[in-house]
Amino acid sequence: MEPRLPRRHRGARDAAGLRRPDAPARRRDPLGRHRDLDVLERIHGRRRALRPARRQGGAGRAVRLAFILALLALAVPAVAHADRPRWDARPLATVPPPGYPARAYVAPNGRIYEGTYDNPSGDTVPSRVFEYLADGTLLRSWTIQGQDLSQAHGVQVATSDAKGRLVLLDKAPARVILLDPRTGAQTTYATFADLPALHDQTPMADYGAWGPDGSLYVTDYQQAVIWRVPPGGGAAQVWLADKRLDGDMFGTAGIALAADHRTLVISQASSAGLGGGNPATGRIYTVPIGSDGRPGALTQLWESGPAEAPDGLALANSGRIYVALVSPLANQIVCVGADGKEIDRSPATFDAPSSVGFLANSLIVADQSYVNGDPSHMQILDVAVGEPGIQELIPGRQAKAPAKKKARHKKKHGHRPKQRRRR
């Protein structure tokens, strides 16, 4: 652990293409055709993070205001958002080297965890995970152990478990790591196999979400599957394989469990694997988890414009879905209604937004600058949207909270008889 420190990579040929973005090829062809697929090829690493809103101080007077001030400190983030217009974006933190942030994860404790993804120009520096307060203050960092530094490497903080350990998705080797923030200990939780997808890409675990039974569902950006890691970990199993998930190098990305705890919502960057429809457009799909644990029907909810490359997504209490569009033709956050109709979009002021996650009434976004490679743009941002997200399901965590409250309640009642005797 390194205390108090202030995505995707192909070969050299692809990196060169990424660093030579031509003037954006406007969508002249309604079907996208090859030009839009060329754009997708130039953005193959995408990923970065949004900046959490800075807290603004509250006022107080004297005497018994300590308690009131403590309450104000907790309420300030929500109050601050009330004065901000929708889509107002503010930087929280610039991510230190090796940079290229991909997934900014907002944990139940309100802290933000950001992993560094791969450098399109290549490097031999291990990936790191940074811990931030909600105001962007950097607390700690950890260096990832056991990576294959001769390959494109990077980690994303997918979620956390009931013990507060961070669940990391590593690219090289393809595995799930549990990182304990209290001790810095890192253990391998699961592994992913190399499958014969249509274009036989290597495994690339991208985003993950817990299921109600403790299974971890993980998207694979290059292998046209959704994995299921059994409760307790081990070798990941193919849970859903579908030709519509084959995006060649730009496949299945974000995943989240809906409020009903029975439906997975996933984003698809493209159908470049020719599995169906316009190969250049992205999509949002839903798939239910059956009572027997098997997947139900994969259903399309929304389709993006050509070469917009939907990436990470987050679900609001209202039922709306917020999706990061990482393509240089978009560089936006889009809001989609529960009925699949697009509601609105942010201004195109980002530099490869890779992920979104709720913190109060804001989205925390990872801005990656994958194509431009500008370290000053590799940031965590706070984007006001005026509504909160659903509570993340973390199996075992919600069940423990009531037990703690009961224990405290008994303790209080246990002292009351002694206080009455002093009369």
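Backbone amide hydrogens, once placed in the peptide plane, bring ILE390 within less than 5 Å of LEU315, ALA316, ASN317, excluding anything fewer than 5 places away on its chain.
Calculate the FRET efficiency for THR202 and THR143 from the Cβ-Cβ distance with a Förster distance of 22 Å, rounded to the nearest 0.05.
On the way: r = 23 Å, r/R0 = 1.06.
Here the calculated transfer efficiency is 0.40.
Expected output is a single nm value to one decimal: the length gained when fully extending between ASP213 and GLU342, i.e. 0.36 nm times separation in residues minus the C-alpha distance. What is it? Display every interim value, and only then the final one.
On the way: separation 129, 0.36 × 129 = 46.44 nm, distance 3.23 nm.
Gain on extension, ASP213 to GLU342, equals 43.2 nm.
If you take the square roots of the eigenvalues of the alpha-carbon gyration tensor of region 100-218 and sort them as a ≥ b ≥ c, do you get rounded (a/c under 1.5), prolate (a/b over b/c) or oblate? Oblate, since a/c reaches 1.5 and b/c is not below a/b.
For region 215-310, what mean projected area does the convex hull of the alpha carbons give, in nm²?
On the way: hull surface 23.3 nm².
Value for region 215-310: 5.8 nm².
FRET efficiency for the SER318 to ARG397 pair, using the beta carbon distance and R₀ = 30 Å, is estimated at 0.80. I'd like the FRET efficiency for GLN300 and ASP194, computed as 1/(1 + (r/R0)^6) with the beta carbon distance as r and R0 of 35 Å, rounded to 0.05. Step by step, r from the Cβ atoms, then E = 0.80.
Since every read-out is calculated from the coordinates, none of them should be taken as a lab result. Here the structure is a predicted model, which means the values were calculated and not measured. Glycine also receives a Cβ, built like all others from the backbone with ideal geometry; neighbour counts cover every protein chain displayed.
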